[in-house]
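Here's the structure, in structure tokens; my notes come after.
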Amino acid sequence: MNKDFIFSTESNPTNFSSVKDLAIDVLFGTEFASPAASNLYALGITKTFGGSNIFLRYSPGFFKEFSLLKNQSIVGEDSSDISLKTDLKYYEYFSAGYSYKLNEKLSGGFTLKYFNEEFSQDAVGAVFSDTSISFIRETETETMKLWNIQFGADYLFTPSLRLSLSASNFINMKNGSLSETNKPYELRTPKNVRFALYYQPFQTVEANVLYETANALQVSIGKTFIFDKMSANIGCNYFSDFLLSGIQPSLSFQYGNICAAVSGVVYFSDIQKTASFADLTANGISNLMHNKFSSNKALLNVSYRLNTETERLVQFVDVTISNSIFPTFTEHFANEPFAVARVVNLSDKPVSVKPSSKIDKINSELIYSPNVLVQPKDSATIPFYTVVSEDYFSPKHEISFVNFYVTTENRDADDEMQKPLLINSSNAWDGEVSNLRYFVKRDFNFSSAMAKRLLASHKSELDTTNSALSNFLQAKILFTEIITGMLYIADPLASNDRVQFPHETIDVKGGDCDDLSVCLASLYESIGIETAFVDYRGNDFSRHVHLLFNTNLSPAEAGLITQNDKKYYIRKNSLGEEKIWIPLETTERSNFANAWEKGVEKFSSEALDQLGLIKGTVQIIEIY
Amino acid sequence: MKKYFQHIILLLFTAFFFGCGKPGPTELIDDRPSEETPLQYEVLAKNPDDALYKNGYDSTGLVTPPPPTDVFLFISKNIVSQQSLSITYDVAQVFFFDKGKPFHLPDGKRYGFHGKKVIPPRINSILTREVDYVIDYGMPASVKDTVLGSKYVLSRIGVLGDSLSLLYNSSVKFEYREKMMGPNKIEFDIAMPEQIIGNVSVSQNGKGEKVLLLTWNKASKDSVEIIVGGKLKNEKTATAFFKFHVKDNGQVIIPRGVMAAIPRDRFDRLVFSFVRKAVSRQMKSSLEFFTIIQNTHSIIIDYP
């Protein structure tokens, strides 16, 4: 029942196989006769070569023996009775199967079974010598070898619906002859056509129906439970040939390459320790393992799959690049996927997929994204993340390519795909004010050195000022030294989303609102002054940004910088302490006081009076 | 997890592997409606030249040794056929054994007991004759005969002999007085079994080999006996070789191996005796009576 087992000659005359490479099975059985006995039933191996599959089985446990103690005896010299007996032995030593997959839907195949039948009859002979007469027991044995061929075809309407049609006993080859005495015991081989339908209504449920024209019916149902690294299957099979019926419950587990199943065969008729010889003579047997003389059984099947070739478990359906790469946003793509892939699980077990990618010129090694579990035969969307080295710098856009990989339990990737990718220039910006922080951070070393040098020239002023005003005074000095006197230079028309790094702004002595805000924020942050961008979004899609900075003054100390309580805003820091923040319009380059004044006007008007902060047209974005 | 999985598999594997062993064969009950072979094969004459098996075998079916009892009553109604000729032969023999006088053969085996002299019993109201109870034993070169006391007989061959008349489907009356005077007369009736009429023909077995097919009129008895003997060339008497117990179903095939073994150069004729008999054992007064009443049909044929 479990499709991971290969002992399928009885129920699979077409040798239909799901084994992708090589599988080895061992089958043990216990027959609950009296006394119970267990033995090795069969050893099997199957190998797939391209579209062909070959199956070989040695089955020392597939046999049936009968012993008849005749109502005949010889009276011995001591008047004891020596009984005569008849032994009937049937063995199926070997079987083999071959199938060929013509296309994805149709396959055909056959199985070949080798039987040996041995019938031994005790007979009485007499010996006359010159001085004595005696009876002797003579055993006469006849054997018959039988090659039985079954053939048929399988058609997959869908991956979950398969029809199997096969014929058996139309071709039999015999070697040997039997006397009239033993002919009634010969293995019966009635011509038979078999129809079987295998259906999986759900991913983990399977139901099979089988009908034979020789009046046999089989119905089975199974349910698979999938866990993280293993799966379990529970099923039950009802069979009836209208004379003998029973059920075969089964429980199987699969872990990695190993699959084990325990099943039982329970007949509804009573088990007979002895059986009717007249019945056997009249009806014979046609199946060694399942006949009206069979006893209840327990079976253990252990299967091992050996893959000498890497089996592809998953495969890309497609990969979509969702974002071009902004190289300055170094950590941005560690949280925001730059691409998503659709991946399908080709196997019949759950697979943990490990995605990875490598962008040419950006990544020096594979960047791994989080693992995703994909259910058997199911597909899943897998996001790809990346990081950009801070050392990367390119003044212009360029086209690169990215290699995507999906890896499972195999050492090598199961599938890979290459896609072109746009890498923007290092100054490129996507228009999101929150991403300006990457430009602030990029020139930290430069900004720190510049700020310290400038402040050093105002040492005496800073030393003599109230320490509470330290942040305010440093901010004022840096603004005066850097921003005052700069030019307002708009971005080139062709590249609206371009941001200068602070050192570039200082070098060219000018920039637009985002350039100047980034530059000033970088200088302030480099000396420990907290800053935030104020993002203004106009109805006409116009954008503007200016700066807020933390004076580190408490509301009670606000009087140290202004008596006008509308010129500052109180915000709580991470410790919950209220601090005075003041806005600076960085495009107002005349002096610090005017920049402050302009910042207050714009912020009060748009963020507060026009309820911009509530409507969302104005946002305050922390740099850290 | 993988280790647990492997351990469970290993445990199950071991349990199955060392479980027990190969299952034994299914025992079949021999319930075939007709038996065409004998149920039991018994050698009577362990040596065909042994005189012991000749003197007691004269187509009556009486073979030695006699049963160890106080009184052995043997009544036999016989037909002997050879080709198209048949004769009838009725015999009744009564042995009163003296259990204090056993008789042993030279090989040390006890043969039986000496016969006592008593007041002659009556069979069907006919007084029996007292004769010597003689047996021959030994090989042709050293045949010995000996008298083991007396026995009481009535016999009739065709129309000759005593006025004994045994009838099928009737009973035989036995009377005996231990003492001439007095009331202690022992008498009882013994039912005669149905007549048996046999036939011997040649047939083929399942392998196409020639075998002897013996048929007879089947009756209500469980079994009949068939005694096979042979006549040694240049001898008048026959030697009984085998006794077959067969179902009383009217037909039996004698296995080819049995008949083929009878050496043609020593025996030129074979004798098949079909015996349908009733055996009983009963106590009368202080005596144990062992009774065999039978009818037989013996067929003498040339070696086929």
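The values are calculated or read from the model by the stated rules, or taken from the named source; none is laboratory data. Note that the structure is predicted; figures quoted are calculated from it, not measured. Positions of Cβ are generated from backbone atoms using ideal geometry, with glycine treated the same way; all protein chains shown enter the neighbour counts.
So the values come out like this:
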| item | result |
| --- | --- |
| Residue check for residue A:56: modelled with pLDDT of 90 or more, more than 8 Å from chain B (Cβ to nearest Cβ) and within 47 Å of the chain's Cα centre (by Cα) | yes |
| Scope segment A:70-122; condition buried (at least 20 other Cβ atoms within 10 Å of the Cβ) and either within 10 Å of chain B (Cβ to nearest Cβ) or more than 29 Å from residue A:172 (Cα to Cα) (or both); matching residues | A:72, A:73, A:74, A:84, A:86, A:88, A:121 |
| Hey, residue A:428 small (Gly, Ala, Ser), touching a Phe, Trp or Tyr at 6+ places or on another chain (Cβ under 9 Å) and farther than 30 Å from residue A:312 by Cα or not | yes |
| Residues (surrounded by fewer than 17 Cβ atoms within 10 Å (Cβ to Cβ), more than 22 Å from residue A:324 (Cβ to Cβ) and out of contact with any Ser or Thr (no Cβ under 7 Å at 6 or more places or on another chain)) located in segment A:353-372 | A:370 |
| Residue in segment A:310-320 that is without any contact (Cβ under 8 Å) to a residue 60 or more places away in the chain, away from chain B (no Cβ under 14 Å) and more than 37 Å from the chain's Cα centre (by Cα) present | no |
| Among (1) in contact with a Leu (Cβ under 7 Å, 6 or more places away or on another chain); (2) hydroxyl-bearing (Ser, Thr, Tyr); (3) surrounded by fewer than 19 Cβ atoms within 10 Å (Cβ to Cβ), the one test that residue A:586 misses | (3) |
| Count - residues of segment A:177-193 that are within 14 Å of another protein chain (Cβ to nearest Cβ) and either closer than 18 Å to residue A:112 by Cβ or of a type in the set (Asp, Glu) (or both) | 2 |
| Any hit, segment A:263-278, residues being closer than 24 Å to residue A:155 by Cβ and either hydrophobic (A, V, I, L, M, F, W, C) or in a strand (DSSP E or B) (or both) | no |
| Some residue of segment B:272-290 being more than 24 Å from residue B:75 (Cα to Cα), outside any loop (DSSP other than H, G, I, E, B) and touching a residue at least 40 places away in the same chain (Cβ under 8 Å) | no |
| Helices (runs of 4 or more DSSP H) completely within segment A:426-506 that count 1 or more residues being closer than 22 Å to residue A:535 by Cβ and of a type in the set (Gly, Ala, Ser) | A:444-456, A:470-478 |
| When residues of segment A:46-67 are limited to those that are without any contact (Cβ under 8 Å) to a residue 24 or more places away in the chain and outside any loop (DSSP other than H, G, I, E, B), the one nearest to residue A:290 (Cα to Cα) | A:67 |
| Per-region count, segment B:130-153, residues in a strand (DSSP E or B) and farther than 22 Å from residue B:284 by Cα | 13 |
| Where a residue in segment A:503-528 is more than 14 Å from residue A:489 (Cβ to Cβ) and of a type in the set (Val, Ile, Thr) and its partner, wherever it lies, is modelled with pLDDT of 90 or more and assigned to a helix (DSSP H, G or I), with Cβ under 6 Å and at least six apart | A:527/A:451 |
| Residue match in segment B:273-293 (condition: within 14 Å of another protein chain (Cβ to nearest Cβ) and surrounded by fewer than 16 Cβ atoms within 10 Å (Cβ to Cβ)) | no |
| Selected residue (criterion: modelled with the lowest pLDDT) from residues of segment B:232-256 that are basic (Lys, Arg) and surrounded by 18 or more Cβ atoms within 10 Å (Cβ to Cβ) | B:256 |
| Single residue of A:42, A:37, A:33 found to be in contact with a Pro (Cβ under 8 Å, 6 or more places away or on another chain), more than 23 Å from residue B:27 (Cα to Cα) and within 14 Å of another protein chain (Cβ to nearest Cβ) | A:42 |
| Candidate set: segment A:123-137, residues that are under 30 Å from residue A:89 (Cβ atoms), at the interface with chain B (Cβ under 9 Å from one of its Cβ atoms) and not hydroxyl-bearing (Ser, Thr, Tyr); chosen: the one surrounded by the most Cβ atoms within 10 Å (Cβ to Cβ) | A:124 |
| Residue match in segment B:155-170 (condition: part of a strand (DSSP E or B), over 23 Å from the mean Cα position of the chain (by Cα) and over 19 Å from residue B:74 (Cα atoms)) | yes |
| Subset of segment A:307-363 (residues that are of a type in the set (S, T, N, Q) and closer than 18 Å to residue A:421 by Cβ) | A:320, A:322, A:323, A:324, A:328, A:330, A:356, A:357, A:363 |
| Matching option when the condition is touching a residue at least 24 places away in the same chain (Cβ under 8 Å), in contact with a strand residue (DSSP E or B) (Cβ under 7 Å, 6 or more places away or on another chain) and within 14 Å of chain A (Cβ to nearest Cβ), among B:202, B:224, B:246 | B:246 |
| Qualifying position, being away from every other protein chain (no Cβ under 12 Å) and either in contact with a His (Cβ under 7 Å, 6 or more places away or on another chain) or under 23 Å from residue A:41 (Cα atoms) (or both), among A:244, A:300, A:251 | A:244 |
